[in-house]
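To keep things clear, I will list the structure first and then write my remarks on it.
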Amino acid sequence: MLGLQHADAGGYRVKEPHLYTVVEFDFRRLSSEAFKPEEDLAVEFLRKIEADSSDIANQAIDKYKEASAGRSVAEQRQLFRDALRMNRNRGKQTVLFLDECQEIGGFFGEDRYKTFFVFLDSLCREPELGLCVMLACRPSFFELEPIRTINFGRFFESINLGPLEESAAISVIRRGEPDIQFEQTSIMRLSAITGRHAFWLQFLCHHIFEHAAFTRKFQVSDLMVDHVEILNDLGCRPQFYLLYQEIETDARAWALLKLVAAGATSEGRAGRLNSAQRQRH
């Protein structure tokens, strides 16, 4: 799911990037990186604004950052609000892109994380700050406390990510050209097994590209698509785990999923064999 929040009538115009300061953050970093216990996420975002600022603005924001040391969480957040206002006065709108938002739920034991989206809620109600917020999350994010309590979803236009149109899916596949060439049968195969879902198209095409570079075979057929192994690739397993981690606690659903997975070890092969047999007969 992708949530979009527009803070003013101007909207989010990606064709004019010079008018925007983009601040990105992936909440999976909370598990993989050691953040300073006294430092709020607002300071992390403050650094991103600093990097995009002019020399004069740099000096002012640098003072904010220095002043954040030893400050309370509330004071650090006020510094971030001030930086947003200053960035707006420079004629730029700040775009805050937050990825994997549901991951913050595991850190709600700390007040600075538990109250962060309450703080963000207050920023979204101040249009003069020129803040545009984009959330990439699973639907379960909006059921977390205190997200549900403050009805944070009221600010956002929700876009459920689903399959692409055929032409859009083909354009994703062909991004690897001219380095590699996709035969028409391979394009059809990729569309079929990914369901034309943008994430899986890019994920599988990336591994096909790696396979082509390793084998020095840059003509991609449907057989090559089937040959690229991702299910048993240790580097790919975390991606698949994201799909089923939410049902592991449901014993019946978990048992059913494992049963289905056990029967999918040769996906697609039977259909092609049957087709070939029909052609011979």
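The values are calculated or read from the model by the stated rules, or taken from the named source; none is laboratory data. Given the structure is predicted, the values throughout are model-derived calculations rather than measurements. For neighbour counting, all protein chains shown are included, and Cβ atoms are generated from backbone atoms with ideal geometry for every residue, glycine included.
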V260 being in contact with a helix residue (DSSP H, G or I) (Cβ under 8 Å, 6 or more places away or on another chain), modelled with pLDDT of 75 or more and outside the structural domain of C137 (by TED's automatic domain parsing): no
Cross-chain or 6+ apart pairs with Cβ under 7 Å, segment 20-42 first and in the same structural domain as T94 (by TED's automatic domain parsing), then among the polar types (S, T, N, Q): Y20/Q93; T21/N87; T21/T94; V23/T94; D40/Q76; A42/Q76
Of all residues in segment 142-190 being of a type outside the set (D, E, K, R) and touching a residue at least 60 places away in the same chain (Cβ under 8 Å), the one that is nearest to Q102 (Cα to Cα): G153
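If I ask for residues that are part of a helix (DSSP H, G or I) and under 11 Å from F27 (Cβ atoms), which ones from segment 95-116 would you list?
Residues satisfying the conditions are C101, Q102, E103, I104, G105, G106, F107, Y113, F116.
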Wholly enclosed helices (runs of 4 or more DSSP H) of segment 16-92 bearing at least 2 residues modelled with pLDDT of 85 or more and buried (at least 17 other Cβ atoms within 10 Å of the Cβ): 41-51, 73-89
Filter result for the condition that a residue is over 19 Å from the mean Cα position of the chain (by Cα) and in the same structural domain as Q78 (by TED's automatic domain parsing), over R175, R138, R148, R189: R148
Residues of segment 142-163 classified as in contact with an Asp or Glu (Cβ under 6 Å, 6 or more places away or on another chain) and loosely packed, with under 12 Cβ neighbours inside 10 Å, total: 0
Tally of residues being surrounded by 19 or more Cβ atoms within 10 Å (Cβ to Cβ) and either hydrophobic (A, V, I, L, M, F, W, C) or modelled with pLDDT under 90 (or both) across segment 101-111: 2
